Amino acid sequence: MIYVVGHKNPDTDAIASAMGYAWVKRERDGLDVVAARAGALNAQTTFAVKRFEAEIPALLDDASPRFLTIAQHVRPLMPSQPLSAAWRKYAETERAAPVVDVDGSPIGLVTGKSVFDYLSMRLDMADAPFRQLISVSCQHACDTNAQRFLKTDRVSDHRARMTQTQRDDFFVVDADGKYVGICTKADILRPPRTRLILVDHNEAGQAVSGLDESEVLEVLDHHRLNTIGTATPIAFHIDIVGSTSTLVAESAREADLTPTRAIAGMLLSGILSDTLVFKSPTTTARDKAAATWVARVAFGVNDVDEPLAEYGNQLLRSGADVSGRSAKDIVGVDFKAFDSGAVKFGVAQVEVDNLYALDERIPEIRGALRDACQQRGLDFVALMVTDIVENDSLLIADGDTRKLVSMPYRQRDYALWEMPGVVSRKKQLLPTLLGLLEG
């Protein structure tokens, strides 16, 4: 199975492009591909999902192999079955024979060593027939001390310790302690890597946790180039458009594929969100063409100008109400980490329908920025507050902001700048910050 997944703290484009590209890969390429998300849905994305009755992608917050991926479901034996049955199963599967109670609870594993230990204590060639010995219940000859691992445990968390054990076979169980399968030491030392296609990002710092234990097969993105390392060549596509959903829509159209209403609606949402309904300077003619095409499918009409504009306004406003959100949530929902040489920093963005909506909460916001800075080990963190009505922004920063004193914007207060006409983190703010830090 291959997972298509966007960045941590996913926005609407990250979710929509993952859903859309997974669909394209299945329909066009016939691959076993599923959409995933590296974090919780924000309010805007939730609005889009409900509006188009789309299926929420599965959560993949860590790509590290889990015990479930290495568990082999060998059909278990009942404790009353004879040892000879375990002997035959061991010969057939070349795996330990699991012995499980009627309620699914593991009792032990019949291994070559456990059988040898049992027989060596009882085998008497003179008067103990071998057939009689292997007719005993298998529970008497199994290793009842076999270690058990939760199927959701990360394999890497136990790998170092397992190199020291003399045992070779282990149980994998669910949260209730019931049998799921078995695994071996070799499975633990060499687990299969999770296969990923990354969309809407190409930086390791923004990617799903456990990226170093996964296999990246492809990247589809529209951000700056700051790539991850791969062991082999991969398909890599970065293009200058306002949204990754645009690239997905184009790939579908080129393949002569018509998306479902749900997929079309989500791709439309991704485009409208990232381009601020075509008001962002990142917007291209390709974004508008892709949005028009998917809007016709999503709305079921040819003339989409009016419903597209109406839905775009609803979409942006669905994520603009910050009155009931905590400062931690405001800072963390759309947060991205970057680095410029020795300086590591983070920039969060929140959309509001009134630029002064957070003025009274600036001290609280600064506290959340300070916490994020310390917890993530960054030099400074900033929040870009973007007014979706007036297309202006404020920038609130905390941490080591000494290099930001030369910001080309009016400084209203300490580490607080007014940025008229600035709405794009990617195309307007980030180049400015990198220029200051690298200059």
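FYI, it's all coordinate maths here, none of it is from the lab. All of these numbers come straight from a predicted model, not from anything done at the bench. Counting neighbours? That spans all protein chains shown, and the Cβs are built from the backbone with ideal geometry, glycine included.
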What does the charge dipole of the chain about its Cα centre add up to, to the nearest 20 debye, if the Cβ of each Lys and Arg holds +1 and the Cβ of each Asp and Glu holds -1? 1000 debye
Full-extension gain in nm, Arg412 to Leu436, via 0.36 nm per residue minus C-alpha separation: 6.7 nm
Lysines whose Cα lies under 17 Å from that of Lys185, excluding same-chain neighbours fewer than 8 positions away: Lys113, Lys151
Can you give the extra length, in nm with one decimal, that the chain gains between Asp305 and Asp371 once fully stretched, where that is 0.36 nm per residue apart less the Cα-Cα distance? 19.4 nm
Reachable lysines, given that their alpha-carbon falls under 24 Å from the alpha-carbon of Lys328 and they are not under 8 places away in the same chain: Lys8, Lys336, Lys344, Lys426
Quick check: pseudo-label points 7 Å beyond the Cα along Cα→Cβ at Lys50 and Val405, how many nm apart are they? 4.8 nm
Evaluate the charge dipole of segment 68-188 about its Cα centre and quote only its size in Debye, nearest 20, assuming +1 on the Cβ of each Lys and Arg and -1 on the Cβ of each Asp and Glu. 200 debye
So how many Å³ per residue does the convex hull of the Cα atoms of the chain work out to? 172 Å³
